[in-house]
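The values are calculated or read from the model by the stated rules, or taken from the named source; none is laboratory data. Note that this is a predicted model, so its numbers are computed, not measured. Note that we place each Cβ from the backbone using ideal geometry, even for glycine, and neighbour counts take in every protein chain shown. For accessibility, only protein heavy atoms count, side chains too; no ligands or nucleic acids. Shrake-Rupley method; radii C 1.70, N 1.55, O 1.52, S 1.80 Å.
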Amino acid sequence: MMKEKGWAGTLESSDIYVELEPLPAGSGIVLSVSSIVYDQFGEEIEAVIRETLTELGETDVKVTANDRGAVDCTIRARVETAVLRGKGGDR
């Protein structure tokens, strides 16, 4: 489980900036996503973030994401890196 805030990504085109903050047990995943393509892909972006967090065992986390047109594999990579950093891993 995450101990502190974690982040990954940039605000460059075709990337996503993700910030994660651990929440108290039972809070669930709280998403706040802004995207230049939200009308078209917002649901898919949110689903990829939720799926990745669940696969990593993170069930109580606040997610703030600013998407600039990232593809699914980039979203997953940014979420994974943010989780790792939130666990005190690679900075």
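Tabulated data for the structure shown
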read-out: For Y38, net neighbour charge (Lys/Arg +1, Asp/Glu -1) across residues whose Cβ lies under 12 Å away; value: -4
read-out: Size of charge dipole - the chain - debye, nearest 20, with Cβ of Lys, Arg +1 and Asp, Glu -1, no other charges; value: 400
read-out: The stretch 36-91 shape via C-alpha gyration tensor axes, a/c threshold 1.5; value: prolate
read-out: Amide H within-cut-off set for I29, under 5 Å, with H built and near neighbours excluded; value: V61
read-out: Probe 1.4 Å, protein heavy atoms only - accessible area per residue of the chain in square angstrom; value: 56
read-out: Length-normalised contact order for the chain - Cα pairs under 8 Å, 6+ apart - percent; value: 47
read-out: Ordering of 40-48, 75-83 by packing [mean C-beta count within 10 Å, highest first]; value: 75-83, 40-48
read-out: The stretch 37-46 - phi-based ³J(HN,Hα) in whole Hz, Karplus 6.51/-1.76/1.60, Gly and Pro as x; value: 10, 4, 4, 8, 10, x, 4, 5, 4, 4
read-out: Per-residue HN-Hα couplings for the stretch 77-82 [Karplus 6.51, -1.76, 1.60; θ = phi - 60°; Hz; x = Gly/Pro]; value: 4, 5, 5, 4, 5, 5
read-out: Cβ-based net charge around T52, under 12 Å, with every Lys or Arg adding one and every Asp or Glu removing one; value: -3
read-out: DSSP-defined antiparallel bridges as percent of all bridges, the chain, nearest 5; value: 60
read-out: Given charges at Cβ of Lys, Arg, Asp, Glu: the stretch 16-91 dipole, positive-most of V63, A82, V30; value: A82
read-out: Residue-count net charge about S14 - beta-carbon cut-off 11 Å; Lys, Arg +1, Asp, Glu -1; value: -2
read-out: Whole-percent carbon and sulfur share, accessible surface of the chain, 1.4 Å; value: 48
